[in-house]
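The values are calculated or read from the model by the stated rules, or taken from the named source; none is laboratory data. Computed from a predicted structure; not experimentally measured. Cβ placement follows ideal geometry from the backbone for every residue including glycine, while neighbour counts extend to all protein chains displayed.
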Amino acid sequence: MSKPIVFDSLSYAKMLDKGGVPHSEVHATALAKALAENLYTQSEVDQMIEAALKRFDDRTVQLREEIHKEFHKIHIDIKDLRLEIKDVQDNILKRGYTALAVILGVIALSSNFIHFTH
């Protein structure tokens, strides 16, 4: 349970006046106003902390969801790239086998041509 701050502005003004501070009533009034407006009770501080923690938790959940979505997209992209790489590899193999068949055919024809011409 919080205790309210007790500030006796009249007593404070008298202390300032005795100390030789000019315009002591203005100082006392300004301090009383500052204390009344700028201080929070423990309950208010607890509520502000709780609200800030809730915003933090909500944002953390939101960021986790966004990260999860991005990882899912990356996973799909990796799968797609693997398929593309496999297609390229298959294409290279097909072209290599075709080139090998053509070379072997040319060698066979050349060999037969040389054999028949001699």
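Assorted remarks:
- Sole exception among (1) touching a helix residue (DSSP H, G or I) at 6+ places or on another chain (Cβ under 7 Å); (2) acidic (Asp, Glu); (3) surrounded by fewer than 10 Cβ atoms within 10 Å (Cβ to Cβ) for Glu37, by number: (1)
A quick yes/no check of all residues on (1) at pLDDT 95 or above; (2) of a type in the set (Asp, Glu):
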| position | (1), (2) |
| --- | --- |
| Ile49 | yes, no |
| Lys54 | yes, no |
| Glu65 | yes, yes |
| Asp80 | yes, yes |
| Lys86 | yes, no |
| Ala99 | no, no |
| Val102 | no, no |
| Val106 | no, no |
| Ser110 | no, no |
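- Selection count where residues are of a type in the set (S, T, N, Q) and within 39 Å of the chain's Cα centre (by Cα), scope region 1-53: 6
- Close pairs (7 angstrom Cβ cut-off, 6 or more residues apart or separate chains): exposed (fewer than 14 other Cβ atoms within 10 Å of the Cβ) in region 11-28, of a type outside the set (Gly, Ala, Ser) anywhere: Val21/His27
- Candidates Ile92, Ile103, Ile49, filtered to the one that is under 30 Å from Ile5 (Cα atoms) and either among the acidic types (Asp, Glu) or surrounded by 10 or more Cβ atoms within 10 Å (Cβ to Cβ) (or both): Ile49
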